[in-house]
1. With an 8 Å cut-off on Cα pairs and a minimum separation of 6 or more residues, tell me the relative contact order of region 1-158 in percent.
2. Which shape class applies to region 183-224: rounded if a/c is under 1.5, otherwise prolate when a/b exceeds b/c and oblate if not, where a ≥ b ≥ c are the square roots of the Cα gyration tensor eigenvalues?
3. Pop the C-beta distance of Glu193 and Val93 into the FRET formula with R0 = 45 Å and round what comes out to the nearest 0.05.
4. Compute the distance in nm between two label points, each set 7 Å from the Cα along the Cα-to-Cβ direction, one at Glu204 and one at Asn135.
5. Please list, short to long, the whole-number percent of alpha-carbon pairs of region 111-224 in consecutive 10 angstrom bins beginning at zero.
6. Helix 182-191: angle to the longest alpha-carbon principal axis of the chain, degrees 0 to 90, nearest 10?
7. Could you work out how much longer the chain between Arg33 and Glu171 gets when fully extended? Use 0.36 nm per residue separation minus the Cα distance between them, nm to one decimal.
8. Which angle from 0 to 90°, rounded to the nearest 10, does the C-alpha axis of helix 63-73 make with the longest principal axis of the chain?
Amino acid sequence: FEGNGPIKKMITESTSHGLVRGYIAHPEAEGERPMGDEGVLYVVKDVGLKDLIEGVVERKGSIESDIHHFLETSEQTQSLVSLATVQDEKGQVEISGGLMIQLLPDGDPAIIDQMADRLQELPPLGDMLKEGAENNPDVILETIADTLFVDTDSKTLEKRWLFFHCGCSRERSKSALISLGVPELKKLRSSHEDVVIDCHFCNEQFVFTRDDIKGLIDQLQTAN
């Protein structure tokens, strides 16, 4: 997400195995709409094809509306998106969650409208998330889904947990430095006592001394 608010940019990544990570450019930003009302949403998917699938749409003002707009405009899939975040007394995130319902290729479009109407009749999603967290956090979204799909022929096909995971490492940072090439590495070595690579996702730092950089330069020159 890129916006005209004080956050400026937010990047999230996820895998099909439920591993997620993300960061915002300016975490110190405050306000009710820190992402602003304008900007763009970029989505990149790796679905196992030769090339990545990329899509971009103009933002509509909120993350919820942005995702909905992307699904219906870029992917042309009729969808229902509802997100909620509950904060504690100190303004920290206590719990957050969301629903995304999409119509299958030959599905009845009226189903999405029916689900949207039913969601409007239920308590706010944030309240349901908080109540679920207090009673049984393992089945929060399942309980909400059962309520939405009541009187329908529905069943749970899969349940998967999400985990924060960052794949950064010293080796990956080393590879990034090597990709700069000998001239740039020499400039770094001459202008810095240490080269520090920060991971925006987990705040890990990888420090490379002048001797480390010299070793990379020697490695490249030997390989050539």
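The values are calculated or read from the model by the stated rules, or taken from the named source; none is laboratory data. Only a predicted model underlies this, so the values are computations on that prediction, with no experimental measurement involved. Backbone-built Cβ (ideal geometry, glycine too); neighbour counts: all protein chains shown. What goes into the accessible areas is simple: the full protein's heavy atoms, side chains included, and nothing from ligands, DNA or RNA. Shrake-Rupley method; radii C 1.70, N 1.55, O 1.52, S 1.80 Å.
1. Details: 210 pairs, mean separation 19.5, N = 158.
Reported as a whole number, the value is 12 percent.
2. Details: a/c = 2.58, a/b = 1.82, b/c = 1.41.
Prolate shape, in that a/c is at least 1.5 and a/b is the bigger ratio.
3. Values: r = 38 Å, r/R0 = 0.85.
Rounded to the nearest 0.05, the efficiency is 0.75.
4. Distance between the two pseudo-spin positions: 4.0 nm.
5. Calculated over all Cα pairs of region 111-224, the distribution is 11, 26, 15, 10, 13, 18, 8, 0 percent.
6. 80 degrees
7. On the way: separation 138, 0.36 × 138 = 49.68 nm, distance 3.80 nm.
Here the segment from Arg33 to Glu171 would lengthen by 45.9 nm.
8. Once rounded, the angle reads 80 degrees.
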